[in-house]
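Below is one structure, written out as structure tokens, with a few remarks after it.
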Amino acid sequence: MPQKKILCLFDVDGTLTKPRNVITPELYLFLQNVVKPQCSIALVGGSDFKKISEQMGGDDIVHQFDYVFPENGLIQYKFGEEIGRQSIQKFMGEDVLQTFINYVLEYLSTITLPVKRGTFVEFRSGMLNISPIGRSCSQTERDDFEKYDKIHNIRKTMIDNLVKEFPDIGLTYSIGGQISFDVFPNGWDKTYCLQHLENEGFDEIHFFGDKTDKGGNDYEIFIDRRVVGHMVINPDDTKKQLDELLKTL
Ligand code: M1P
């Protein structure tokens with residue numbers, strides 16, 4: 001058993017699973033049977049609890065992982081219990097929130113894409129998720145939008161426009177997935193979850209993420225001095241880097 005008290009904290013999409021896919025049984029069993037006996041394990045994702053639990057094999061993740069932090073940790077579970085949640089409406093106030101949402105819908109009504117579907121604004125506890133194509137698109141439409149966006153910068157252009165239109169309302173915009181971007185108050189990125197780990201007695205917190213470049217939604221936590229950051233390229237790479245880490249303990 002390692003002498004130090006270590007926490008391995010994982011991003012979900014692209015790190016433990018292929019984007020929007022389910023974790024492989026091999027990686028799941030490796031985390032539970034090999035990593036967990038040696039380290040505490042935790043999840044932090046941009047998605048809401050429902051999506052994270054679908055990707056990670058069901059609601060029981062709150063018992064399989066010591067800590068689960070959906071929505072960047074704006075909701076917190078520790079040893080199977082919810083211990084807190086933040087709300088974006090409390091932070092922004094209804095007037096500003098509605099002005100912002102109305103503007104987003106107006107903006108989206110002016111752009112034409114190869115296909116458009118439904119659910120353009122998803123309201124979550126601690127963030128808004130905005131999708132120009134609409135979250136109800138199919139997997140093929142999702143993959144196609146991602147390629148189209150790489151060429152036409154639909155999300156980046158929209159974010160630049162929102163920053164100009166709302167310079168003073170303290171919001172951060174983050175592209176973490178294929179079809180959408182997240183909007184949340186400044187500082188409510190993945191580093192938000194770290195305050196809930198500060199007094200838990202860990203000697204080291206190792207964070208594993210795939211979007212660690214500037215502008216990616218793992219960037220802020222990856223460079224945070226409270227963690228040792230591991231940049232991974234996919235779930236296989238996460239397993240490889242974990243294997244190496246475990247050898248050093
Ligand atoms: O976890 C990364 C992102 O996953 C989803 O993005 P998309 O649907 O665009 O692929 C969303 O849940 C997003 O909030 C999250 O950051």
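Any read-out appearing in this document is the output of simple, stated calculations on the displayed coordinates, not a laboratory observation. Small disclaimer: the values here were computed from a predicted structure and weren't measured. Here the Cβ is made from the backbone with ideal geometry for all residues, glycine too, and neighbour counts use every protein chain on show.
Points to keep in mind about this one:
- Summed side-chain charge close to TYR192 - residues other than TYR192 whose Cβ falls under 14 Å, Lys, Arg +1, Asp, Glu -1: -4
- Coupling constants for the range 191-200 follow from the phi torsions by the Karplus curve (6.51 cos²θ - 1.76 cosθ + 1.60, θ = phi - 60°), and in residue order they are 5, 3, 5, 5, 4, 7, 10, 4, 9, 9 Hz; glycine and proline get x.
- Computed from backbone phi, the HN-Hα couplings of the range 118-126 come to x, 6, 8, 10, 9, 8, 10, 4, x Hz, rounded to whole numbers (Karplus: 6.51 cos²θ - 1.76 cosθ + 1.60, θ = phi - 60°; Gly and Pro given as x).
- Scattering curve values for the range 1-136, log₁₀ I(q)/I(0), Debye with Cα scatterers, q = 0.10, 0.22 Å⁻¹: -0.43, -1.28
- Approximate spin-label separation THR112-THR157, in nm, with each point projected 7 Å along Cα-to-Cβ: 1.3
- Near the amide H of GLY45, within less than 5 Å, lie the amide hydrogens of PHE69, GLU71, ASN72, GLY73, all on another chain or at least 5 residues away, with H placed in the peptide plane.
- Stokes-Einstein D (µm²/s) once Rh is taken as the Kirkwood radius of the range 75-114 over alpha-carbon pairs, at 37 °C in 0.692 mPa s: 255
- Solvent-free Debye calculation, one equal scatterer per alpha-carbon of the chain: log10 I(q)/I(0) at 0.08, 0.14 Å⁻¹ equals -0.31, -0.93.
- Charge context of SER53, other residues only, Cβ under 9 angstrom, K/R +1, D/E -1: -1
- Of the cross-linked pairs LYS51/LYS247; LYS36/LYS156; LYS4/LYS50; LYS90/LYS164; LYS78/LYS116, those separated by over 30 Å at the C-alpha level are LYS51/LYS247; LYS36/LYS156; LYS4/LYS50; LYS78/LYS116.
- Taking amide H as placed 1.01 Å from N in the peptide plane, VAL228 has its amide H under 5 Å from the amide H of ILE205, HIS206, PHE207, each at least 5 places away in sequence or on another chain.
- Value at 222 nm in deg cm²/dmol, rounded to 500, when DSSP H runs of n ≥ 4 in the chain each add -39,500 (n - 2.57): -9000 deg cm²/dmol
- Taking 0.36 nm per residue of separation and subtracting the current Cα-Cα distance, fully stretching the chain between GLU54 and ARG135 would add 27.6 nm.
- Förster radius 30 Å - calculated FRET efficiency between GLU198 and VAL34 (Cβ-Cβ, nearest 0.05): 0.65
- Distant-in-sequence amide H partners of LEU16 (H built 1.01 Å from N, under 5 Å): none
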